[in-house]
Each structure stands twice: as C-alpha cells, then as structure tokens.
Amino acid sequence: MIAKELIDWYRKNKRDLPFRLSKDPYSVWVSEIMAQQTRIDTMLPYYDRWMKQFPDVRTCAEADENDILKAWEGLGYYRRAKMLWAGAKLVVDGYGGVFPSNYDDIKKIPGIGDYTAAAISSIAFDQPVAAVDGNVLRVVSRVLMSDRDIAKDATKKYVAQILEEWMAGFDPSDFTQGLMELGALVCKVPAPECEKCPISEYCLSYKTNSQSNYPVKSASKKPAKESYTVHIVIDKGYLLVSKDWTDGLMEGYLRLPQVEDDSHYFDINETLFTHKHVFSHKIWSLTVARSSIREDVELSSYWKWIPLAEADIQPWISAHRKILQKYLKKSDLASL
C-alpha cells in the first residue's frame, strides 16, 4: 500500500532537521510558518535563532514586538511573524500556555489555516488529518494523473479526502512528513527522480511518462511594476526613516523615505544606484538618492529621525536594509 511504502522510505531517508527532534507542537508550528513560501535551507538559520531566542510559546508571547520583527528580518512575508506572535499570545491567554491538540481549536489560532492546523495535528498529535501543501498536491496529482486545478479549494479538499483514505490505520505523523519529504526531495519540479520514488509503482503519470503534465494549475497574474525614489537623508549622525505602512506591506518594519514624487520634500544631492526588489505580487524598481530636506518643508508624520548608530537594532524591510548596507559599504549595520 502507498502509506506503508511511503512511511518505510521516510524513516530510512528523512533529513535530519531540528524541528523533527521532538513532537513539540510549538516547534512544529514555528517551522511550518517559516517554511511557507520559503526553502528549508533558507529558513533553517532563522528557525535555529528563533528557537534560541523564543524557545517556547510563553517566551514568544511575552517578547517585545520589536524583538519579534527583528528575529524575522530578512525571511520575508513579514505578516507571518506578527501572526505567530499574536497566536502565541492566544495560546497563553486562552489555553494557559498549553498548545491545543484539537484541530478545530488549532485553527482558531491567528495565522493558522487548514494546512498548518492539519500539519500540527498530524505531526505533533498523531491525528489522521491530511495536510495539503504544494508538495503534496504535486505528488497526488502525478500519482492519480489528476487534471484538477490545484489552485482551487475544491481540489485541496478532494486531495485531503484521498490522503485520509491512504493514511487510515497508519502513523499520521510519519505519513504526513513522508509525503512532504517525497515532494521536496524526489517528486520535484520540473524533474522528478522517479527511480528513487517509493510509490512509483502506484503512479499513473510515471507509467505513462507524463509527469511533466502535472500538476495542473491556472495561470497566475503577473506582478505589478512600481517605481519609486528612495532617499537616504543623514544629518549630524541621525538617519531619516519612515513608518509609512499604508501600502499594507511589512507593518512594523522601518523603511527609508520612499516616494513617487520627489519635488515636494527633497533636494537630490546625488543619484546613487538602482535597486529592484521582487515580491510575490509586485516588483519595486527603486532609484536610490542621497538627499537633503528642502527648507521650510514640514516632514510627513510617518517620518522620524533615529541615531544612525542604532540602525542595526531596528527591524528593516529587506529592500531598504540592503540599500542602506550598500550605501554605507558595510556587510552589516552592527559595525556602524
């Protein structure tokens, strides 16, 4: 059966990852949130630092927001950090610091949706709940030669039903992790290594040599392109920064002043370089300038001065941290 073959393979071939050392739901939760839209090898250093700084849910809940955001800095998709922090507060305030074991209760935690709740339920609490992410959708689509659009919720529900049939009577934790591992290491995009696959004998696309046709996914919209000027303004050891989060991006993280129209606030002393930053839904094309504030101009209420020497202890959006580092020609801001 698929489940037995998969679990046997997983137990022999699983990667030695720190969040697999125990079934602690908090560590599983942190790892799953960090792994969203992020490669495992990229998130591991962040995970290690996070768990040293916030080793349990209570430590996380009681942390200062600035420390939470700083610990996440550079990992991207910054809303995840704030939701993780809010979720930890709920676990402490609502459940006495004991992580709930019931799937429906887990889903009530901020930032936890169907997939993460299922992953925690199955991995940490051995509940037979199917966790359906992109890797899992790809594996199941290829095994079944399914033409269902994986971008649709109906497909995810269909796949969840299939998986719960497959895992019935087997270890839910190892089944869930085995399926994730298979998608990450073997059933890859675009070149699956089918000769290494423990369930290839059940895979219809492998039998018909049509693996590249699956999964089926509707085309996504192209990211919007936006152009701005980013101003580096330093005066007497102080740096002008912005707390303008009206675009809905990375609330809580500092920026440099970034505007579309330069004429009102700034005189550009020198145009320095350009920088492109790619989000999932938009692309920033940034012209970076060393600037000064025009006389008799009232600063935006979003802007404030901070000591340049303290810049490193602040959480920055990645695009502007890279810009400031490049301008100052430092590998990191700690040495300023």
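Out of THR208, THR246, THR271, which single residue is among the β-branched types (Val, Ile, Thr) and within 27 Å of the chain's Cα centre (by Cα)?
None of the others qualify; the one that does is THR246.
Scanning for something within 19 Å of the chain's Cα centre (by Cα) and crowded, with 20+ Cβ neighbours inside 10 Å, does the stretch 138-155 turn up at least one residue?
no
Just to check your reading of the model, which residue among SER242, SER205 is surrounded by 12 or more Cβ atoms within 10 Å (Cβ to Cβ), in contact (Cβ under 8 Å) with a residue 40 or more places away in the chain and either assigned by TED's automatic domain parsing to the domain that holds ASP153 or touching a helix residue (DSSP H, G or I) at 6+ places or on another chain (Cβ under 6 Å) (or both)?
SER205
Sort out for me the helices (runs of 4 or more DSSP H) sitting completely within the stretch 61-141 that have 1 or more residues that are basic (Lys, Arg) and assigned by TED's automatic domain parsing to the domain that holds MET34.
In the stretch 61-141, the matching helices (runs of 4 or more DSSP H) lie at 65-72, 79-95, 103-107.
Condition check: farther than 16 Å from GLU251 by Cβ, of a type in the set (A, V, I, L, M, F, W, C) and crowded, with 16+ Cβ neighbours inside 10 Å. Does LEU90 satisfy that?
Yes: the conditions hold for LEU90.
Which of the residues belonging to the stretch 310-327 are in contact with a helix residue (DSSP H, G or I) (Cβ under 9 Å, 6 or more places away or on another chain) and part of a helix (DSSP H, G or I)?
Residues satisfying the conditions are ALA311, ASP312, ILE313, ARG321, LEU324, GLN325.
LEU75 fails exactly one of the following numbered conditions: (1) among the aliphatic types (A, V, I, L, M); (2) at pLDDT 95 or above; (3) buried (at least 17 other Cβ atoms within 10 Å of the Cβ). What is the number of that condition?
(2)
Looking at ASP126, is it among the charged types (D, E, K, R) and either surrounded by 17 or more Cβ atoms within 10 Å (Cβ to Cβ) or farther than 23 Å from TRP29 by Cβ (or both)?
no
Just checking, how many residues over the stretch 39-63 are under 18 Å from PRO110 (Cα atoms) and either of a type in the set (S, T, N, Q) or at pLDDT below 95 (or both)?
1
Pairs please, first residue from the stretch 151-173 and within 18 Å of ILE120 (Cα to Cα), second anywhere and crowded, with 19+ Cβ neighbours inside 10 Å and among the polar types (S, T, N, Q), Cβ atoms under 7 Å, 6+ apart in sequence or on different chains.
The qualifying pairs are PRO172/SER122; SER173/SER122.
Give the number of residues within the stretch 295-306 that are touching a residue at least 24 places away in the same chain (Cβ under 8 Å) and exposed (fewer than 12 other Cβ atoms within 10 Å of the Cβ).
Of the residues in the stretch 295-306, 1 are touching a residue at least 24 places away in the same chain (Cβ under 8 Å) and exposed (fewer than 12 other Cβ atoms within 10 Å of the Cβ).
All but one of (1) assigned to a loop (DSSP other than H, G, I, E, B); (2) under 18 Å from LEU90 (Cβ atoms); (3) not hydroxyl-bearing (Ser, Thr, Tyr) hold for ARG58; state the number of the condition that does not hold.
It fails just one condition, (1).
Can you pull out every residue in the stretch 29-43 that is touching a residue at least 40 places away in the same chain (Cβ under 8 Å) and of a type in the set (A, V, I, L, M)?
VAL30, ILE33, MET34, ILE40
The values are calculated or read from the model by the stated rules, or taken from the named source; none is laboratory data. These numbers come from a predicted model, not from an experiment. Using ideal geometry, Cβ is built from the backbone for each residue, glycine included, and neighbour counts are taken over all protein chains shown.
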